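Input: a single structure, listed below in structure tokens.
Any read-out appearing in this document is the output of simple, stated calculations on the displayed coordinates, not a laboratory observation. As the structure is a prediction and not an experimental result, all values here were calculated from the model. No Cβ is skipped: glycine too gets one built from the backbone with ideal geometry, and neighbour counts run over all protein chains shown.
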Amino acid sequence: MNHRPRGAILAAAVLLSLPACMREGEVRAAGGVMPTVKLFDAAGASLGAVSVRDGAGRLAITVNASGLAPGTHGIHLHETGRCEGPKFASAGAHWNPGMKKHGRDNPEGAHLGDLANFEVAGSGTATASFTVAGATVASGAAMLADADGTALVIHAKADDYKTDPSGASGDRVACAVLAPPR
């Protein structure tokens, strides 16, 4: 006769069944952290890595890159987690769950995906950190890990922070897919 408490057996059964309760396309990231993902150029060469952490109603995004053209570049979160070269059009428009206009200087803006410009050193390297208030990794209306994910895209030129829809930031030169593993 097995003398295990029925409560422990019931708890184990509930825990084992949790993945089956998730809706199709729903993604969860352990502890609000997405895995670090690679940043690629249009030819598929690795240019660095992007990491995302979730906490206190905001996202913390860190980009470590090399092999980029020196100067100021616009960087944005885009609505679809696809990075197909050569122009990364598969990433879609800027991530904009609030249906705003583009740019922090636009009185009708800004998209949640509008990040600050970042500087690439003469050596082609850059490290930048961004905070996106009101966004999460995998819950709520402003979540990165929705059914089709999100992409982080680096543009050829600086964002002017006002021109809708993309800040006149030019071509898309690097891309990373932001989505927890399924």
If we count other beta carbons within 10 Å of each Cβ, what is the order of 80, 131, fewest first?
131, 80
Amide H proximity to residue 103 below 5 Å, modelled H, separation 5+ or other chain, gives 111
Taking 8 Å as the Cα distance limit and 6 or more residues as the minimum spacing, I'd like the relative contact order of the range 61-102 as a percentage.
30 percent
Additional length obtainable on full extension of the chain from residue 43 to residue 58, 0.36 nm per residue less Cα span:
2.2 nm
Dimensionless Rg/Rh of the range 92-182, both radii on Cα and Rh by Kirkwood, sits at 0.96
Compactness of the range 30-178 - radius of gyration and Dmax, Cα, Å:
13.9, 40
Only Cα pairs under 8 Å and at least 6 apart count here; give the relative contact order of the range 30-178 as a rounded whole percent.
30 percent
